[in-house]
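Let me begin by presenting the structure, written as structure tokens, before commenting on it.
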Amino acid sequence: MPPMSLPALPRLAAFKPRLLSDLRGYTSERLVKDVGAGATVGIVALPLAMAFAIASGLNPEAGLWTAIIAGFLISALGGSSVQIGGPAGAFIVIVFGIVERYGVANLLIATASAGVLLFLLGLFRLGTLVRYVPVSVVIGFTNGIAVLVGLSQLRDWLGLDIAKMPGDFFSQIKVISQNLDSFNPYAFGLGAVCVLGLFVWPRLFAVDSQFRKRLQTLDTMSALDATSRVPAPVIALVSLSLLAWALTLPVETIGTRFGGIPQGVPAFVLPEFSWETVKQLVTPTLTIALLGAIESLLCARVADQLSDFPKHDPNQELMAQGVANCVVPFFGGMPATGTIARTVTNIRSGATSPVAGIVHALTLAAVVLLAAPLATHIPLAVLAGVLVFVAWNMGEWREFGRLRQFSSHYRLMLLSTFFVTIVFDLTVAVELGLVLAVVLFVRRQSDLFRAEPTAHTADSVTITLYGALFFGAVSKVDALVEQVRTLPPGGRLVLDARMLTSLDTTGLDALEQLLKALDKQQAHLCVTGLQPQPRSLMERSGFIGHLHSVD
């Protein structure tokens, strides 16, 4: 008896960070560019990291150290030359819901568990599967998250006296409307000026702006270029914080709510772990892992389109994301992924390798360790304004206006995912979107299958099969049974399968029922023009041996 052969194990992805290949032939000129780009991105990341953490129901240092630690690991170990990792706006709604329902300790466990899943996705070469998520589903939940992020910032922007915001959409609207009597005009003014400034600042220094042309006539190009490079969020953060401090405006700040930011490296802490807890965190873990994978790989694809560097390695990128999300929870961090805004800033600032991302993390660390006390004066309304601007840029609002150009299937998936994201949560929205995508795909493929009569004589009928005969299209084969009853004894039903691209077991079962109906009529079934896949299934099942003839 021959020995049994074991099934072949899947080939694992090699752990090859892009940094190793990019450092070959690395020059001092590239180092200068990477240091400049990394420092710029680090400054941009400062207000965003704090704002994302606060909006997620965490202390600001959680966002800062996530940007530092995860940003360093993702750049050092990732599969992209220029991608920047850290906390992202897309995680705000997810993290806030987990913190409210399960607590911060369980958020850390869910994040670490999601990191393990992300690493395994990359290790088993499943990074490309994320690309199978339909773009309509991605746009739907992205726009839904943008709405929820903007709504979550109304408390701080309006300066409302609300101790704690609820997690769901309708409860937030109810709480906000019930506390409008505590509206703070100073906070609203700071937030409004912040949002306005973030929209106006980059346009002031655009190549074709009148403001830039007028400054050029005043021979101030050197100062103009230096000023235009300062990121708008940094300008807003510094200027409005100084304004609020100088005028002693009665607005809530990081210092009044959180007592400031610790000026040291966070301690390594092991969260309390138990299998009973992990079982309850399956859904949050899957949500963090799925969203992290989608965000990071979408961001990497954007980076590929904007730069001439080698295309990213999706499996290596997921493994790096997994390592980062496994590490940051032990320092009190939050989930991390690739961030599009900071990655684009990195590219436009001249980055040439992952060294820029490492410098970005080191820049943030230096700012936190040296200037943490100054953060106590930052008004929360200003950070809310930054996040409202981020939410606006996050959403792809033009897609709503373009819906009429697409099919009803596309509109249904996008709008249902959008509304379910807002009303329920992202996990349900993505599940619904994927289920709808599968159902609509099956329906579309079943519509493409046809069984058309092409010849008819007294004792013979020829039917030509088009497309894929699978479980969604078998009803069209069942209809052929009616035509079988018109055949005389000894007659033939000929199936022309030259245009039959594929056949599954349900489709084969439908053909077997057709054969049984022919046997009752004492008629014969013939098949011509079989393609390799349908022929292989018929041979393996033994069906082909019951046919009168096969060509």
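The values are calculated or read from the model by the stated rules, or taken from the named source; none is laboratory data. All values reported here derive from a predicted model rather than from experimental measurement. For neighbour counting, all protein chains shown are included, and Cβ atoms are generated from backbone atoms with ideal geometry for every residue, glycine included. We work out accessible area using only protein heavy atoms, side chains counted, and drop any ligands, DNA or RNA first. Shrake-Rupley method; radii C 1.70, N 1.55, O 1.52, S 1.80 Å.
Brief remarks on what is shown
- Residues being more than 17 Å from residue 234 (Cα to Cα) and open to solvent by less than 40 Å² (accessible area, probe 1.4 Å) - total across the range 354-393: 7
- Unique residue being over 21 Å from the mean Cα position of the chain (by Cα) and either at pLDDT 90 or above or not in a loop (DSSP other than H, G, I, E, B) (or both) when the list is 49, 112, 62: 62
- The criterion of at least 1 residues that are at pLDDT 80 or above and under 22 Å from residue 243 (Cβ atoms) is met, among helices (runs of 4 or more DSSP H) falling completely within the range 153-231, by 154-158, 185-204.
- Being within 18 Å of residue 285 (Cα to Cα) and open to solvent by less than 30 Å² (accessible area, probe 1.4 Å) is not true of residue 60.
- The set of residues in the range 164-201 that are among the hydrophobic types (A, V, I, L, M, F, W, C), open to solvent by 30 Å² or more (accessible area, probe 1.4 Å) and within 31 Å of the chain's Cα centre (by Cα) comprises 169, 170, 173, 175, 192, 193, 196, 199, 200, 201.
- Selection count, the range 246-267, where residues are of a type in the set (A, V, I, L, M), closer than 22 Å to residue 185 by Cα and out of contact with any strand residue (DSSP E or B) (no Cβ under 7 Å at 6 or more places or on another chain): 4
- Filtered residues of the range 253-271 (kept if within 31 Å of the chain's Cα centre (by Cα) and not in a helix (DSSP H, G or I)): 261, 265, 266, 267, 268, 269, 270, 271
- Within the range 16-32, residues that are farther than 29 Å from residue 122 by Cα have Cβ atoms under 9 Å from residues that are assigned to a helix (DSSP H, G or I) in these pairs: 30/22; 30/355; 31/355, counting only partners at least 6 apart in sequence or on another chain.
- Any pair with Cβ under 7 angstrom, 6 or more apart, that starts in the range 373-397 at a residue that is farther than 27 Å from residue 415 by Cα and ends at one that is in a helix (DSSP H, G or I) and hydroxyl-bearing (Ser, Thr, Tyr): 377/241; 378/241; 379/241; 382/241
- Among the residues making up the range 230-284, a single one is surrounded by 16 or more Cβ atoms within 10 Å (Cβ to Cβ), within 20 Å of residue 112 (Cα to Cα) and aliphatic (A, V, I, L, M): 281.
- Residue match in the range 82-94 (condition: open to solvent by 30 Å² or more (accessible area, probe 1.4 Å) and more than 11 Å from residue 335 (Cβ to Cβ)): yes
- Within the range 528-537, one or more residues are hydrophobic (A, V, I, L, M, F, W, C), assigned to a loop (DSSP other than H, G, I, E, B), open to solvent by 10 Å² or more (accessible area, probe 1.4 Å) and at pLDDT 90 or above.
- Residue 391 being modelled with pLDDT under 90 and closer than 26 Å to residue 267 by Cα: no
- Test: residue in the range 315-322 that is over 24 Å from residue 107 (Cβ atoms), at pLDDT 90 or above and either open to solvent by 10 Å² or more (accessible area, probe 1.4 Å) or of a type in the set (A, V, I, L, M, F, W, C) (or both): yes
- Hits in the range 325-346 - residues which are over 19 Å from residue 60 (Cα atoms), in a helix (DSSP H, G or I) and open to solvent by less than 30 Å² (accessible area, probe 1.4 Å): 343, 344, 346
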